[in-house]
1. So which residues in the range 47-69 are part of a helix (DSSP H, G or I) and within 14 Å of the chain's Cα centre (by Cα)?
2. Which residue, of D102, D143, D148, D71, is of a type in the set (D, E), touching a strand residue (DSSP E or B) at 6+ places or on another chain (Cβ under 8 Å) and farther than 28 Å from N271 by Cα?
3. Given the criteria within 16 Å of ligand 3 (Cβ to nearest atom), of a type outside the set (F, W, Y), buried (at least 18 other Cβ atoms within 10 Å of the Cβ) and in contact (Cβ under 8 Å) with a residue 60 or more places away in the chain, does A129 qualify?
4. Just to confirm my filter: which strands (runs of 3 or more DSSP E) fall fully inside the range 139-206 and include at least 3 residues that are more than 16 Å from ligand 2 (Cβ to nearest atom) and either modelled with pLDDT of 95 or more or buried (at least 24 other Cβ atoms within 10 Å of the Cβ) (or both)?
5. Take P66 and decide whether it is within 16 Å of ligand 1 (Cβ to nearest atom) and either among the aromatic types (F, W, Y) or under 22 Å from S28 (Cβ atoms) (or both).
6. Is one or more of the residues making up the range 109-131 closer than 30 Å to T210 by Cα and touching a strand residue (DSSP E or B) at 6+ places or on another chain (Cβ under 6 Å)?
7. Could you pull out the residue among S80, S97, S40 that is under 30 Å from I264 (Cβ atoms) and among the hydroxyl-bearing types (S, T, Y)?
8. Within the range 233-255, restricting attention to residues that are surrounded by 23 or more Cβ atoms within 10 Å (Cβ to Cβ) and polar (S, T, N, Q), which residue is nearest to ligand 3 (Cβ to nearest atom)?
Amino acid sequence: MISTITLGLAIAAFAKSAAGHASIWHQSMWGFNVTAQTFSYDNRPVVPLQQMPFNQWWFHNHLAYPPHPDDFMEFPAGGSVNMQISCDKGYTDLYASAPGGDIRDPNSPLACPGQPTTAIHANNIEDVAGCAIGIAYKSDVNDVQPQDFAIFTVNYTCPWYLNTEFQIPADMPACPEGGCICGWFWIHNPDSGSEQMYMNGFQCKITGQTGNTPIGTPGLARRCGADPANGKPDASPNNCTVGPVQPFYWDQQEGNNVGMFEGIYSPPLYNGLYGFVDGAQPNLFQEPTVGGAPAAVPASSSAPAQSPSPSAQSVPVVASSSADTAAGSVAVSASVNVPQPATTSASAIAASAPKCKRRLPGEKKQKKRKSKARRSSIERHLKKRLAHESH
Ligand SMILES: *[C@@H]1O[C@H](CO)[C@@H](O)[C@H](O)[C@H]1NC(C)=O
Ligand SMILES: *[C@@H]1O[C@H](CO)[C@@H](O)[C@H](O)[C@H]1NC(C)=O
Ligand SMILES: *[C@@H]1O[C@H](CO)[C@@H](O)[C@H](O)[C@H]1NC(C)=O
C-alpha cells in the first residue's frame, strides 16, 4: 500500500522533473556551471524566463558567470554546426561537470531522454516551434544591447533532439578580434506549458569563407504566416519583415520588443509564422523591409542595457511603442531600448492597439483548466505506475 504522502512526494518529484525546460550546453556559454543552488532562486540555464525585470532575463542573469576567455563556439560560414540542447547537462557530452553526473542515454536521440515530451513543452514532434541563434558583432558583452542581435539561423524541429543542426549563412562576416557574442533563443507553442521565453548567451566566432558585407540593422519579425488559430487561414507575406531581425524579447516585465497583439497565448515563434525559414536566414546583408518598403528600424540606445532607468520600468512597452508608431514618432526614451514595430502602416498598428491587453478575462481561466487537466493526467499516470510497481 502506498501512503498518500509518498504518492504526493512522488507526484511533486515527477512534476518537477517533467517541468524540464531546456538550454544549449557548451563551454562558451555564460552560466555553464550555474546550478540550482548558485542563486537564491533556481537560475540554471534551462530555467524559463517569464515576467522578469530586465537584469534577470538578459543573458539569463548569468553575466557574472562568464565562460573561460578562450572558449568560443565556432560557426563556419556556409556550413553547419551541431549544438546540444537538453534539460540537463548530464544528458550531453559535457556531463562531466553536471551536478548529477552522466545520465546520457545512447539509445535516445531526444533532448530529454526518458522524460515526457512536455519537458520540452511539446506534445509531439509536430508541436515543436523552433529555436534560433542570434549574433552581435561586439566582443565586450557589456556593450551588447538587445537590438544588436541578428537572428542568422533557425531550426524548426528544435528542441526535439539533443543534437540540433544549425545551418550557417554563406558570407557571414568575420567577428572583431575578440570574437562575437551570440545568443540562443527559444519560445514554445502555447499548448504545452506556461508562456515564457529562453535566452542563453555564449561567445562565438564566424570561421571559414567569411564575407565582407555587414549584417543590416536588425528589425523586428512580424506575424505573417497562416494563423488558423487566430482566424487567419492564409499567410500574408506582405506583412513579413524581409532582412535581418532581432530575437523576440517577450513576456517580461520590461524590455519586450514584441507586443501581445494576438494575446499571451499566441506567442511569437521562430518559424514560418514570423517569416523565418528553416535553416540559414536569407537577406541578412540589407536593411529590413516590410511589403517592399523600408521597415522602421528601432533607434539604437546609448545607455547601457544593464541599468534600465526607473522610468523605463514603468513604461508599458506595448502601449508606448504602438502609440509612438501611431504618432509617426521614432523617439524611444527608455534606456532599455523599446524598438518600434517594423511597420509601413501606422494605422494598422493603431487599429490593433485596443487588442494589446495582456490577458483577456476568459483566457486565464481556460489556461488554468488546461494545466489542471494536465496535472491530473500526470497524477493518474503516476498512480497507475505506483500501483503497478507495488504489485
Ligand atoms: C565548470 O566546471 C568544471 C568542473 O568543475 C571546470 O573544469 C570548468 O573550468 C568550469 N567552467 C567554468 C566556465 O567555470
Ligand atoms: C534541425 O536539427 C535536426 C536535428 O539535428 C536536423 O535533422 C535537421 O536537419 C535540422 N534542420 C535544419 C534546417 O538544419
Ligand atoms: C502583421 O504583423 C503584425 C505584427 O506582428 C501582426 O500584429 C498582425 O496581425 C499581422 N497582420 C497580418 C494580416 O498578418
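1. Hits for the range 47-69 are W57, W58, F59, H60.
2. Just one listed residue meets the conditions, D71.
3. Yes: the conditions hold for A129.
4. 180-186
5. Considered against the rule, which asks whether it is within 16 Å of ligand 1 (Cβ to nearest atom) and either among the aromatic types (F, W, Y) or under 22 Å from S28 (Cβ atoms) (or both), P66 comes out as yes.
6. Yes: one or more hits.
7. So the residue among S80, S97, S40 that is under 30 Å from I264 (Cβ atoms) and among the hydroxyl-bearing types (S, T, Y) is S40.
8. Out of the qualifying residues, it is T241.
The values are calculated or read from the model by the stated rules, or taken from the named source; none is laboratory data. Computed from a predicted structure; not experimentally measured. Please note: Cβ atoms are built from the backbone with ideal geometry, for glycine as well, and neighbour counts cover all protein chains shown.
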